[in-house]
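In what follows, a structure is listed as structure tokens, so that the remarks can point back to it.
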């Protein structure tokens, strides 16, 4: 990507109507555009980051047997009335509208009901189970307060996976596999050491559900962390009974603030009862399908990472989700221009993602933009350094070195 071709621009000015650091930086760096409170458009660099996060999640969901689908955002009322969740008194985050015919529709805040209804077309026998469909989709929730940038939106991306199992044991086994996959996801995203499997309320069908909470000073949740066991307890279930269940005492736990970045729920037969989703077992007896629900918000994760890894110069993306690996800067006359152009072609041919700052700007502007955008490595070609060599600076480490182009390629390919 040549920066001279990119339609977005960086800005030195912090958006006056934005209080969240993640949104401020992402807007200044040209990654997102704010449409209204809690609603953001993803610009080319921001879409690359979001897609990289999505791909990591996709790989881990596929690894445990997930099958990717894409359901509709527009929802008819009947399936939600069957579960009792169409009423605004029961679920108060609906965005609803009407067709020209007068029929009322809603924008899906989640997809348990429509996914259950869809599965009625494909599940009839025990031989059809288990099934683990999932999707990445924009969800819509009429949040009263949307002041946390990408971490709390009215329109946001979610990965939602739903499990359909024959028995409780089969469900429980998959539930733990999802928990393990989530640990891998957060580790790959650079959040593994900060993220705790957190015990929360389980509703009607399980004693507990589990949230995945990442420690953060901007978090809205209070959790109690056991650092040795790498578990935590949400404030809402911080009782003597829960402590006894987990075999921990209050003096072993540390109070922390955190951001919820994922959750997993046992649903039991709540939705299969409401929508009459059955299967015939080996003995020819009709049974209800046992379900689970498993969510991660890629856009929320993006906001958290942007905020957590930032410094006073701007964003600092982990390498595996950055919009590019290298920010290539050219400084000087025609000789350095030709050399930078050749290096750009070489890196691109080797599959290394490069943002090439080929603009007619002063060096300080180029360096400042590379730091604001948070690209992992800045590579500078200039007359001062000399032909055949480059300056390499790591965005996170700040380490600086002069390398030959062959040494640079070897370093980046590692």
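Descriptive notes on the structure:
- Elements of the type strands (runs of 3 or more DSSP E) sitting completely within the stretch 284-399 and holding at least 2 residues that are under 30 Å from residue 271 (Cα atoms): these cover 286-288, 290-296.
- Restricted to the stretch 203-276, the set of strands (runs of 3 or more DSSP E) holding at least 1 residues that are in contact (Cβ under 8 Å) with a residue 60 or more places away in the chain and in the same structural domain as residue 82 (by TED's automatic domain parsing) comprises 208-215, 254-268.
- Flag for residue 19 being farther than 30 Å from residue 330 by Cα, in contact (Cβ under 8 Å) with a residue 24 or more places away in the chain, touching a strand residue (DSSP E or B) at 6+ places or on another chain (Cβ under 8 Å) and assigned by TED's automatic domain parsing to the domain that holds residue 297: no
- Flag if residue 175 is over 18 Å from residue 54 (Cα atoms) and assigned by TED's automatic domain parsing to the domain that holds residue 231: yes
- Failed item, numbered, when residue 393 is tested on (1) over 28 Å from residue 302 (Cβ atoms); (2) surrounded by fewer than 20 Cβ atoms within 10 Å (Cβ to Cβ); (3) touching a residue at least 12 places away in the same chain (Cβ under 8 Å): (1)
Conditions tested, residue by residue: (1) farther than 23 Å from residue 270 by Cβ; (2) at pLDDT 95 or above; (3) surrounded by 18 or more Cβ atoms within 10 Å (Cβ to Cβ).
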residue	(1), (2), (3)
60	yes, yes, yes
71	no, yes, no
88	no, no, no
98	yes, no, no
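- Check on residue 382, in contact with a helix residue (DSSP H, G or I) (Cβ under 7 Å, 6 or more places away or on another chain) and in contact (Cβ under 8 Å) with a residue 12 or more places away in the chain: yes
- Of the residues contained in the stretch 104-118, none is found to be part of a helix (DSSP H, G or I), at positive phi and either touching a helix residue (DSSP H, G or I) at 6+ places or on another chain (Cβ under 9 Å) or modelled with pLDDT of 95 or more (or both).
- Verdict on residue 192 being under 17 Å from the mean Cα position of the chain (by Cα) and free of Cβ contacts under 8 Å to residues at least 12 places away in the same chain: yes
- Filter result for residue 12 (modelled with pLDDT under 95 and under 26 Å from residue 186 (Cβ atoms)): no
- Just one of the numbered conditions (1) more than 21 Å from the chain's Cα centre (by Cα); (2) part of a loop (DSSP other than H, G, I, E, B) is not true of residue 65: (1).
- Considering residues of the stretch 33-46 that are outside any loop (DSSP other than H, G, I, E, B) and loosely packed, with under 15 Cβ neighbours inside 10 Å only, the residue modelled with the lowest pLDDT: 36
- When the stretch 174-199 is filtered for residues that are surrounded by 22 or more Cβ atoms within 10 Å (Cβ to Cβ), assigned to a strand (DSSP E or B) and in contact with a helix residue (DSSP H, G or I) (Cβ under 9 Å, 6 or more places away or on another chain), the ones remaining, listed by number, are 195, 199.
- Boolean, residue 153 is part of a loop (DSSP other than H, G, I, E, B), modelled with pLDDT under 95 and within 14 Å of the chain's Cα centre (by Cα): yes
- Given (1) at pLDDT 95 or above; (2) touching a strand residue (DSSP E or B) at 6+ places or on another chain (Cβ under 8 Å), number of the condition residue 30 does not satisfy: (2)
- Those residues of the stretch 243-254 which are surrounded by fewer than 18 Cβ atoms within 10 Å (Cβ to Cβ) and touching a strand residue (DSSP E or B) at 6+ places or on another chain (Cβ under 6 Å), in sequence order: 248, 252, 254
- Residues in the stretch 74-103 that are part of a loop (DSSP other than H, G, I, E, B) and either within 12 Å of residue 277 (Cα to Cα) or in contact (Cβ under 8 Å) with a residue 60 or more places away in the chain (or both): 84 only.
The values are calculated or read from the model by the stated rules, or taken from the named source; none is laboratory data. Note that this is a predicted model, so its numbers are computed, not measured. A quick note on method: Cβ atoms are made from the backbone with ideal geometry, for glycine too, and the neighbour counts reach across all protein chains shown.
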